[in-house]
1. Out of the residues in the stretch 115-152 that are among the hydroxyl-bearing types (S, T, Y), over 8 Å from the mean Cα position of the chain (by Cα) and not in a loop (DSSP other than H, G, I, E, B), state the one that is surrounded by the fewest Cβ atoms within 10 Å (Cβ to Cβ).
2. Taking V236 as meeting all but one of (1) touching a helix residue (DSSP H, G or I) at 6+ places or on another chain (Cβ under 8 Å); (2) at positive phi, write down the number of the exception.
3. Can you tell me which residues in the stretch 192-228 are more than 28 Å from the chain's Cα centre (by Cα) and small (G, A, S)?
4. What do you reckon, is I124 touching a Leu at 6+ places or on another chain (Cβ under 7 Å) and within 24 Å of R63 (Cα to Cα)?
5. When you look at R143, is it touching a helix residue (DSSP H, G or I) at 6+ places or on another chain (Cβ under 6 Å), basic (K, R) and on the phi < 0 side of the Ramachandran plot, yes or no?
6. Residues being at pLDDT below 75, surrounded by 14 or more Cβ atoms within 10 Å (Cβ to Cβ) and outside any loop (DSSP other than H, G, I, E, B): count how many of those fall in the stretch 58-114.
7. What are the residues in the stretch 138-154 that are touching a strand residue (DSSP E or B) at 6+ places or on another chain (Cβ under 6 Å) and among the aliphatic types (A, V, I, L, M), if any?
8. Would you check if there is a residue in the stretch 219-236 being outside the structural domain of P55 (by TED's automatic domain parsing), touching a residue at least 24 places away in the same chain (Cβ under 8 Å), farther than 30 Å from I262 by Cα and surrounded by 15 or more Cβ atoms within 10 Å (Cβ to Cβ)?
Amino acid sequence: MLNDLSQILAAKPFGTSVTVGQIAAVGILILLGYLGSRLSVFILNRRLANSRLRPDAIHAISRVVFWLILIVVFLTALSLLHVPLTAFAFVTGAIAIGVGFGTQNILNNFISGWILMAEKPIRIDDFIEIDGMRGTVERIGNRSTRIHRTDGVHLLVPNSSLLEKIVINWTLVDKAIRTTIRVGVAYGSPVKLVAQLIEQAVLEQDESKNKPNPVVVFEDFGDSALIFDAYFWCDVSGERELRSVRSNIRFRIVELFEQNNIVVAFPQLDVHIATAKPLAVQLDGGTGNST
């Protein structure tokens, strides 16, 4: 039995020096190498998860380790088969030309993914805007980047698009974002007090920054209201948090206005009728009529 097995493994099916045993060893090596690379990446991610590294840095390290292990496995497999690397020179050139024309977009996106991880114009957990769509970067893959949009939809954006198009990264340098709130109060309101109360409501929020200080501007005399704009900076990681901060400030403005008897303006229209004769007004539905 053992002799038959050894003869099968020592057989040379292709008429070369490569035996069945070497082919089987290479297959097992490639399988174990792939599984080992996946396991190594999994353990590495678990170890680095508690470190101070950003998620994008951990992702880049994991990808480099994964491909390095596969390259080592591939070179080891060639050595087991006694195949020199020079034998692939002509074949590799011919394949590269054919594959290059057929997979331009794939290679473009693949290289763009590595450029994104090297230059880091976009990182994991960044809040970005592209083509009018906003979302948080969840993963930078080999071909595309996965973005979790603010409405819960996941977008798969080709990596090349993130390099070729204009991308707004809200959190590239820091989380400081400037925003504004517009408030209209009724005519006759104490404008100085209104500006102070709006500034107080802004500064009371934990996310708002006091440096630079918020600025309240008496913007305009509107048709039905005195218009005030509050400009301020706040530390948020996306549009959802920004909307929440503005909402909290508006709630607080209403409370402060009610405490100081300041009326938030609403649309109204005064109609003046010019006539030489007095108008007759008749009221129906009562016990009598009057004019």
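1. Per the criteria, the residue is S144.
2. It is condition (2) that V236 fails.
3. Across the stretch 192-228, the qualifying residues are A195, A201, G222, S224, A225.
4. Working: touching a Leu at 6+ places or on another chain (Cβ under 7 Å): no; within 24 Å of R63 (Cα to Cα): yes.
So I124 does not fit the description; no.
5. Judged against the criteria, R143 is a match.
6. Summing the residues that are at pLDDT below 75, surrounded by 14 or more Cβ atoms within 10 Å (Cβ to Cβ) and outside any loop (DSSP other than H, G, I, E, B) in the stretch 58-114 gives 2.
7. I147 - this is the single residue of the stretch 138-154 that is touching a strand residue (DSSP E or B) at 6+ places or on another chain (Cβ under 6 Å) and among the aliphatic types (A, V, I, L, M).
8. yes
The values are calculated or read from the model by the stated rules, or taken from the named source; none is laboratory data. Being a predicted model, the structure only gives us computed values, none of them experimental. As a convention, Cβ positions derive from the backbone with ideal geometry for all residues, glycine included, and neighbour counts pool all protein chains shown.
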